[in-house]
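A.B. asks: Please read through the structure below; I'll follow up with questions.
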């Protein structure tokens, strides 16, 4: 079994909604108009409701209520629209993961925090197109969800070693399946026609220096993922403490980015706050407490 064959096998089960694919393709064309985007989104009532909830939430803090999709698109802009569409779509795609295996509210909080932190780190490093780091962060662990859903017994065995650290679980994935969640996730993202640059961020998150052409960008995703690993995405918990973290990232990645704890800690608080707001929009009633 190889990642691509598994993805092809489960392709119909784990496919992005058509609205997400159409929005992505239109935005990638650089010719998207607000009117075209509106016509796609209004045919998805759930996405329309989520978009309106987001623009009327404390995340934006507007004084006046925004009641139309066209106005919402104008307010959030095309990149933020893509972020919302992707976040909403992927959480819906994997809504049936067994709750006795993983708490999905915690998993998505972890993923959205990774995306938010990666975007903030990209801004600190003055990268171009910083929103793509947000999407890559949300999707960085999507391969785990395929394992959870398709192979629950083997996944439970892997998760029992979570206290030994992420590296131990990755080693167990490779031993049991022959590949790890980053390889599987990358194959799935390619099947979804996610842009190559974002696929590479997911593919090289464990070993950023294997990305010869995008090593600095991969370092950003690596550091963001390692920091958010401290949230323990597969454990139900009621509180998080970001004041004391010791992520097991490559020291070289930290040095390449010129980071320090004084720079990173405020970004972590900012990312976690953003994540709570976004999660509250795409998954109302989630049981995350911060």
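A.B. asks: Could you tell me whether any residue of region 205-217 is closer than 15 Å to residue 110 by Cβ, without any contact (Cβ under 8 Å) to a residue 24 or more places away in the chain and assigned to a helix (DSSP H, G or I)?
C.D. replies: Taking every residue of region 205-217 in turn, none turns out to be closer than 15 Å to residue 110 by Cβ, without any contact (Cβ under 8 Å) to a residue 24 or more places away in the chain and assigned to a helix (DSSP H, G or I).
A.B. asks: Residue 8: farther than 18 Å from residue 278 by Cβ, out of contact with any helix residue (DSSP H, G or I) (no Cβ under 7 Å at 6 or more places or on another chain), in a helix (DSSP H, G or I) and modelled with pLDDT under 85, yes or no?
C.D. replies: Values: farther than 18 Å from residue 278 by Cβ: yes; out of contact with any helix residue (DSSP H, G or I) (no Cβ under 7 Å at 6 or more places or on another chain): yes; in a helix (DSSP H, G or I): yes; modelled with pLDDT under 85: yes.
Yes: the conditions hold for residue 8.
A.B. asks: Out of 66, 41, which single residue is surrounded by 17 or more Cβ atoms within 10 Å (Cβ to Cβ), touching a helix residue (DSSP H, G or I) at 6+ places or on another chain (Cβ under 8 Å) and without any contact (Cβ under 8 Å) to a residue 24 or more places away in the chain?
C.D. replies: Numbers: 41 fails: without any contact (Cβ under 8 Å) to a residue 24 or more places away in the chain.
Within the list 66, 41, the selection yields 66.
A.B. asks: Please list, ordered by first then second residue, the pairs with beta carbon atoms under 9 Å, 6 or more apart or interchain, first in region 243-265 and over 14 Å from residue 207 (Cβ atoms), second outside any helix (DSSP H, G or I) and at pLDDT below 80.
C.D. replies: Final answer for the pair search is 261/245; 264/245; 265/242; 265/243; 265/245.
A.B. asks: Go through (1) in a helix (DSSP H, G or I); (2) free of Cβ contacts under 8 Å to residues at least 60 places away in the same chain; (3) in contact with a helix residue (DSSP H, G or I) (Cβ under 9 Å, 6 or more places away or on another chain) for residue 97 and report which single condition fails.
C.D. replies: Of the numbered conditions (1) in a helix (DSSP H, G or I); (2) free of Cβ contacts under 8 Å to residues at least 60 places away in the same chain; (3) in contact with a helix residue (DSSP H, G or I) (Cβ under 9 Å, 6 or more places away or on another chain), the odd one out for residue 97 is (1).
A.B. asks: Under the condition of being part of a loop (DSSP other than H, G, I, E, B) and touching a residue at least 60 places away in the same chain (Cβ under 8 Å), which residue from region 118-128 is nearest to residue 201 (Cα to Cα)? Before you say what the answer is, go through the steps one by one.
C.D. replies: Pass one, region 118-128, residues part of a loop (DSSP other than H, G, I, E, B): 125-128.
Of the ones still in play, those that are also touching a residue at least 60 places away in the same chain (Cβ under 8 Å) are 125, 127.
Details: 125: 15, 127: 13 Å.
Applying the filter and picking the extreme gives 127.
A.B. asks: Any idea which residue in region 163-187 is modelled with the lowest pLDDT, counting only those that are under 19 Å from residue 222 (Cβ atoms) and loosely packed, with under 15 Cβ neighbours inside 10 Å?
C.D. replies: Step one: filter region 163-187 for residues under 19 Å from residue 222 (Cβ atoms), giving 165-171, 173-174, 179-186.
Filter once more, so that each one left must be loosely packed, with under 15 Cβ neighbours inside 10 Å: 165, 167-168, 174.
Working: 165: 79, 167: 86, 168: 90, 174: 96.
Here the residue is 165.
A.B. asks: Another question, then. Under 6 Å by Cβ, and 6 or more places apart or on different chains, what pairs join a residue from region 271-288 that is under 10 Å from residue 59 (Cβ atoms) with one that is surrounded by fewer than 21 Cβ atoms within 10 Å (Cβ to Cβ) and at pLDDT below 75?
C.D. replies: Close Cβ pairs (under 6 Å, with a partner that is surrounded by fewer than 21 Cβ atoms within 10 Å (Cβ to Cβ) and at pLDDT below 75) amount to 276/290; 277/59.
The values are calculated or read from the model by the stated rules, or taken from the named source; none is laboratory data. Here the structure is a predicted model, which means the values were calculated and not measured. We place every Cβ from the backbone using ideal geometry, glycine too, and count neighbours over all the protein chains shown.
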